[in-house]
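The values are calculated or read from the model by the stated rules, or taken from the named source; none is laboratory data. Because the structure is predicted, anything quoted here is derived from the model rather than measured. No Cβ is skipped: glycine too gets one built from the backbone with ideal geometry, and neighbour counts run over all protein chains shown. Just so you know, the surface numbers come from the protein's heavy atoms only, side chains and all, with ligands and any DNA or RNA stripped out. Shrake-Rupley method; radii C 1.70, N 1.55, O 1.52, S 1.80 Å.
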Amino acid sequence: MLQNKNQNMAGKPFNMKTLFFMSKTFLKKIENHLNIPGRLSNVHAPHLKFQKYSYLAHRSEELQNQTLLFHVEGALLKSSSLFSYFMLVAFEAGWLLRALILLLLYPLVSFLCLVCEEVGLKIMVFVCFVGIRKDRFVIGRSVLPKFFLEDVGNECFDVVMRCGKKVGVTNLPEVMVDCFLRDYMGVEAVVGRELKVFCGYYLGLMEEKKSVKVVLEEIFEEEKEGAHVIGIGCFNVSFDHQLFSHCKEIYLVSEAEKKNWQVLPREKYPKPLIFHDGRLAFRPTPVATLVMLMWVPFGLLVAILRVLATSLLPLHICVPVLSCIGMRGSAPSPNSLPTPIIYGEKSKGILYVCNHKTLIDPVYVSAAVRKPATAVTYSLSKTSELVSPIKTIRLARKREEDSKMIEKLLSQGNVVICPEGTTCREPYLLRFSPLFAETTDDIVPIAIDFHVSMFYGTTASGLKCLDPLFIVLNPTTNCDIKILEKLPKEFTCGVGGKSKFEVANYVQAKIAEALGFERTNLTRKDKYLMLAGNEGKA
């Protein structure tokens, strides 16, 4: 009978179901051979209680005293793809060549992730980190938190923030997610992978995962034995099942649920996102990265045309030409400009005080007011000075010297100053230095909002000499300028008798009101300490 059965099976055609079964068995053997962590749906532990994530939303009042283990990319983030975050590291730390290599390897990585997720992850880690100096790697705190926050699911965020003690578990290198989870999500511990270092440089290799017993002792050393710990994971994302075995309950999120989640709104950020660094102004998905790399050669030609326009053409002609090749700006018509009322000496120029978005703010201000003006700055690269269509003067950061310099320039004509001292990309205003208030009473506030499409034209930790290049390399930019009313005489230092601090705060409030921005007391020093680890005095 057995022989007849085998003969019958041999006679059956080889169909797709048989092929699917054989391939699934083969892949399963590969995973077992490589000792790859299982997926949540494959965990078999008699004491664990698995439930759908939707059940957790009805237990909001019970979560306040609970300890939570959540998988970052599997549960907290809407997208389960890690490519964008590795591309940010590749581009910001290794520039175009490393980004191009990662993009070319993307099809291979995607295929390998279907067979063995760990292998695909290791390839991306190697490409992005090999040869990077450990002490100069600041992307984890200056670049990545912005993109992580923009990918957080609002529904899971509400659950995570209700819990008492929170532990983030990730397959990513810990250096990529630690600052985001601790500073913005308030987690007490982060369980990730360490990177191997040799002579201060990353080798692009990950250390072996910590012993489960050690990890649990570190995380739960303050917990009583038998404490009720819950976990949140995803059906389709690999995780350390031994670590999650400490949980009494595990809630599983499906990809369909994550797609229906809303993006976390900015007003719900646990900590305001005021400062961030990096050149990329978009999320570098594979398609978006390909478009960017295809644009760069053509963009360089456009950038050359823009630089020639600013260098060779008069300002009143330069701005319309730039608008025709993508660098657009909006400003009030000549008839709507405020009528100048001079409180001081008529021979002096007007001081235009504006918030700071990019290094070309004074150029747009000068074009908007239809008058030549000199820009005073605290720091500007030689490259920026060479291509600037208006005169630029550096300040010495010494109050008496800088005050005399501004007064001298005002005696020669109009002056543009950005009292924030540094740029801020987000809708916030930094503290205004009161230096400008004591130099003249003829002050006109100007509100500026600047938007880019591909690259940020400012940096705190990168090469400032490339700032002009990245501005003109954008496919399009848009600068919106609002010229406000001249400062009333009762709000000036000389005629009105106000202190310089009162004047500075008044101007800041007027500009913030015009733009809908939020005022802060943060300074240039605060920005550079966070993003670059220095005081930004260079």
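Observations, loosely collected:
- Ranking of V415, V302, V197 by solvent-accessible surface, largest first: V197, V302, V415 (1.4 Å probe, protein heavy atoms only, all chains present).
- For region 153-213: rounded, prolate or oblate by the Cα gyration tensor [a/c cutoff 1.5]: prolate
- Prolate/oblate/rounded label for region 399-452 (Cα gyration tensor, a/c 1.5): prolate
- The distance linking region 409-471 with region 130-198 is 31 Å (Cα centroid to Cα centroid, whole angstrom).
- Net +/- balance of residues flanking F491 in space, Cβ distance below 15 Å, scoring K and R +1, D and E -1: -2
- A protection proxy built from the mean count of other Cβ atoms within 10 Å ranks the segments 516-524, 293-301, 89-97, most packed first, as 89-97, 516-524, 293-301.
- Each other residue within a Cβ distance under 13 Å of R328 adds +1 if Lys or Arg and -1 if Asp or Glu, for a net charge of -1.
- If you sort the three axes of the alpha carbon gyration tensor as a ≥ b ≥ c, you get a/c of 1.5 or more for region 427-504 and a/b above b/c, which makes it prolate.
- Protein accessible area in region 442-506, 1.4 Å probe - carbon and sulfur %: 58
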